Amino acid sequence: MSSISEGLRAKIRTQANDQCGYCRSLQRYVLGILEIEHIIPKALGGNDDEENLWLACRLCNNYKAAQTHATDPLTNRKVRLYNPRKQNWSQHFEWTNDGSNIIGMIKLYSLYRLK
Ligand SMILES: [Zn+2]
């Protein structure tokens, strides 16, 4: 049984505007209920405090799993994953022109380091 109260779940859902913090799918377009996810996974010591919780669809939550970092394919450096509570989605991602995929935006500092 989860130790996250129904009140806190409702608060997180409101803070997240009822949408996945990663793919931004709205609850009304997702089959199943958006899940409360741990930004720092419990498997890595994350807690059930509000600051560590956000809303995610099952696909994003399962894909992220217990990861907190990933390798940047441009720089080959290990980088911290996007934090939907602290970072602005549109500064990190954008939709492809056909609206079928989300892609990470290239940071100016990444371009600079590639030269
Ligand atoms: Zn998602």
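The values are calculated or read from the model by the stated rules, or taken from the named source; none is laboratory data. Given the structure is predicted, the values throughout are model-derived calculations rather than measurements. For neighbour counting, all protein chains shown are included, and Cβ atoms are generated from backbone atoms with ideal geometry for every residue, glycine included. Heavy atoms of the whole protein, side chains included, go into the accessibility calculation; ligands, DNA and RNA do not. Shrake-Rupley method; radii C 1.70, N 1.55, O 1.52, S 1.80 Å.
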With the 1.4 Å probe rolled over protein heavy atoms, the chain has an accessible area per residue in Å² of 71
Charge dipole (debye, nearest 20) of the chain; +1 at Cβ of Lys and Arg, -1 at Cβ of Asp and Glu: 440
Lysine pair count for the chain [Cα-Cα under 23 Å; pairs on different chains or 8 or more apart]: 14
Binning every alpha carbon pair distance of region 6-114 at 5 Å from zero, what are the percents per bin? 2, 11, 20, 23, 20, 13, 7, 3, 1, 0
Quick calc: nm separation of the 7 Å Cα→Cβ label points for Leu74 and Leu59 -> 2.4
Can you give me the % of accessible surface on the chain that is carbon or sulfur? Probe 1.4 Å, all protein chains present, nothing else counted. 53
In nm, to one decimal, how far is the Ser100 label point from the Asp48 one, both placed 7 Å along Cα→Cβ? 4.2
Counting only protein heavy atoms and leaving out ligands, DNA and RNA, the solvent-accessible surface of Arg85 at a 1.4 Å probe, in Å² to the nearest 10, equals 70
